[in-house]
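A short write-up of the structure that comes next.
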Amino acid sequence: MILGIETSCDETAAALVTDSGEVRASVIASQAELHARYGGVVPEIASRRHLELVGPVAREALAAAGASLEDVDAIAVTQGPGLVGALLVGVSAAKALAWSRKLPLVPVDHLDGHIASLYLDATPIEPPFVCLLASGGHTQLRAVRGRGSSELLGTTLDDAAGEAFDKGARLLGLGYPGGASIDRLAQEGDPTAFAFPVAKLAGLDFSFSGLKTALLYAVKRLEEAELDARRADLAASYQHAIVTALSRRVADAARKTGLDRVAVVGGVAANSGLRESLPDAVFAPLAYCTDNAAMIASAARFVEPLPYPRYLDLDVYASRR
Ligand code: KG4
Ligand code: ZN
C-alpha cells in the first residue's frame with residue numbers, strides 16, 4: 001500500500017492506494033474558503049495551513065482505510081510543480097513519515113499525478129492516448145505512450161484554462177474558485193449570447209489571455225442591473241469559448257499524432273460543458289479531477305522509489321524541468 005501526500009496548492013490531501021490502483025482512502029482538506037476573501041491563493045497562508053493540516057489529514061486517511069503506518073510500503077509525495085512553500089510542507093512531512101519507518105519515498109510530478117488519476121479503481125483507459133491536462137496551473141496536451149511516460153505536444157502560452165475560469169468568475173462577481181460556479185451558472189445561460197474570441201495559434205498551443213480581456217470589456221459595457229440580468233449569458237458564452245478552444249485543440253492533437261483515443265484530466269475536466277463537447281473522450285473520475293492525493297499515490301507506482309535514507313536531501317521544484 002502506498003500513502004500519497006499532496007500539498008502543491010491549496011488542497012491538503014492524503015490517500016492510501018494499493019499496488020493495483022485500488023483507492024482505500026482519499027482525504028482532501030480544501031483551503032478554498034481561507035483564500036476566497038483574497039480572490040486567489042495566498043502562498044504564505046497556504047503553507048501555514050498545510051502545516052496545520054498535513055498530520056491530521058494523513059492520520060484521517062489511515063483511519064479511513066483501517067490501516068496504520070505499519071501497513072504502508074512506500075510514501076509518495078508531490079515534488080512539484082506548485083507553490084514552493086506549500087510543496088515543502090508535504091515533502092518534509094513525507095520525509096519524516098518515511099524516515100520514521102525506514103520506508104522508501106517516491107517523489108511524484110504533479111502533472112504525472114493528474115494523468116495517473118486515469119489508472120485508479122475501474123481504470124477507464126490504457127495508453128496510448130492523447131491527454132488534455134487542464135487545471136488551475138496548467139493546460140497541456142500530452143501524448144501518453146505508457147503509464148509512466150508522456151510527451152508534451154502543446155501548452156498554454158499565458159493563462160491556464162482553470163485560471164481563465166477563475167479570472168472570469170472574479171470579473172462576474174462569482175468568487176473563488178470560479179470554475180464550478182461558472183459551470184453552474186452557465187447551465188441557465190445562452191452560450192451564443194456573446195461572441196467571445198477563441199485564439200487561433202499555429203501548432204498545438206493555447207492562449208486564454210485575450211478571452212479574459214474580452215470578458216472584462218463586455219462586463220464594463222453593462223450597467224449594474226443589466227449585468228445582473230446577463231450574468232448567466234456571459235458565463236455560458238465565456239465557458240463556451242474556453243470549451244471550444246480546448247476541444248478544437250484536442251481534435252488537432254488526435255489528428256497530428258494519429259492517436260484516436262483522448263482522455264481529459266485536471267480540475268477543468270470536471271466541467272460539464274467540456275464533457276458534453278467531447279462525448280467520445282474519457283474523463284478522469286469526478287472525485288479525482290481536482291487536486292487529490294490518490295492520483296499522486298497512483299503515479300508513484302510508475303516511478304523509481306528512493307530507498308531509505310537517500311531522500312533526506314530531496315528538494316521541491318516550482319515548475320516542471
Ligand atoms: O487540478 P486542480 O485542482 O488544481 C491545479 O492543479 O491547478 O484545478 C483547479 C482548477 C481551478 O482553476 C478551478 O476553477 C477549475 O479547476 N475547476 C473547474 C471546475 N471545477 C474546478 N473549471 C471548470 N468547470 C468546473 N466544473
Ligand atoms: Zn492539479
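The values are calculated or read from the model by the stated rules, or taken from the named source; none is laboratory data. The structure displayed is predicted, hence computed values, not measured ones. When we count neighbours, we look across all protein chains shown, and the Cβ atoms used for this are built from the backbone with ideal geometry, even at glycine.
Go through S277, S247 for me and flag whichever is within 13 Å of ligand 1 (Cβ to nearest atom) and not acidic (D, E). Step through it out loud before you land on a result.
On the way: S247 fails: within 13 Å of ligand 1 (Cβ to nearest atom).
Result of the check over S277, S247: S277.
Just one of (1) under 17 Å from A15 (Cβ atoms); (2) buried (at least 24 other Cβ atoms within 10 Å of the Cβ); (3) under 18 Å from the mean Cα position of the chain (by Cα) trips up V130, so point out which.
It fails just one condition, (1).
Any residue in the stretch 81-101 that's under 24 Å from L133 (Cβ atoms) and not assigned by TED's automatic domain parsing to the domain that holds P56: show its pairings with residues that are of a type in the set (K, R) and modelled with pLDDT of 95 or more at Cβ separation under 8 Å, as long as the two are six or more apart or on different chains.
none
I'm trying to understand the selection: among the residues of the stretch 1-20, which are more than 15 Å from ligand 2 (Cβ to nearest atom), crowded, with 24+ Cβ neighbours inside 10 Å and β-branched (V, I, T)?
Residues satisfying the conditions are I2, V17.
Quick one: E163 ticks every box in (1) away from ligand 2 (no atom under 15 Å from the Cβ); (2) assigned to a helix (DSSP H, G or I); (3) within 29 Å of Q239 (Cα to Cα); (4) not aromatic (F, W, Y) bar one, so which box is it?
E163 satisfies every listed condition except (1).
Being outside the structural domain of H35 (by TED's automatic domain parsing), farther than 30 Å from L312 by Cα, surrounded by 24 or more Cβ atoms within 10 Å (Cβ to Cβ) and in contact with a helix residue (DSSP H, G or I) (Cβ under 8 Å, 6 or more places away or on another chain) narrows it down to one of G175, G179, G154, G189, so name that one.
G179
Show me the helices (runs of 4 or more DSSP H) entirely contained within the stretch 193-305 in which 1 or more residues are away from ligand 2 (no atom under 16 Å from the Cβ) and out of contact with any strand residue (DSSP E or B) (no Cβ under 6 Å at 6 or more places or on another chain).
Working: elements: 209-221, 224-257, 272-277, 294-300.
Those helices (runs of 4 or more DSSP H) span 209-221, 224-257, 272-277.
Pairs only if they're at least six apart or on different chains, beta carbon under 7 angstrom, first in the stretch 215-235 and over 11 Å from F194 (Cα atoms), second among the hydroxyl-bearing types (S, T, Y) and surrounded by 11 or more Cβ atoms within 10 Å (Cβ to Cβ); list them, first residue then second.
If the second residue must be among the hydroxyl-bearing types (S, T, Y) and surrounded by 11 or more Cβ atoms within 10 Å (Cβ to Cβ), no pairs are left.
Is it the case that A32 is at pLDDT below 95 and farther than 20 Å from V106 by Cα?
Yes: the conditions hold for A32.
Is it the case, given these coordinates, that A32 is crowded, with 16+ Cβ neighbours inside 10 Å and among the small types (G, A, S)? Even if it seems obvious, please write down each step before you answer.
Working: crowded, with 16+ Cβ neighbours inside 10 Å: no; among the small types (G, A, S): yes.
Considered against the rule, which asks whether it is crowded, with 16+ Cβ neighbours inside 10 Å and among the small types (G, A, S), A32 comes out as no.
Condition test on G39, is it on the phi > 0 side of the Ramachandran plot, within 16 Å of ligand 2 (Cβ to nearest atom) and either assigned to a loop (DSSP other than H, G, I, E, B) or touching a His at 6+ places or on another chain (Cβ under 7 Å) (or both)?
Against the criterion (on the phi > 0 side of the Ramachandran plot, within 16 Å of ligand 2 (Cβ to nearest atom) and either assigned to a loop (DSSP other than H, G, I, E, B) or touching a His at 6+ places or on another chain (Cβ under 7 Å) (or both)), G39 does not qualify.
Of the residues that make up the stretch 88-109, is at least one part of a helix (DSSP H, G or I), surrounded by 24 or more Cβ atoms within 10 Å (Cβ to Cβ), modelled with pLDDT of 95 or more and within 16 Å of ligand 1 (Cβ to nearest atom)?
yes
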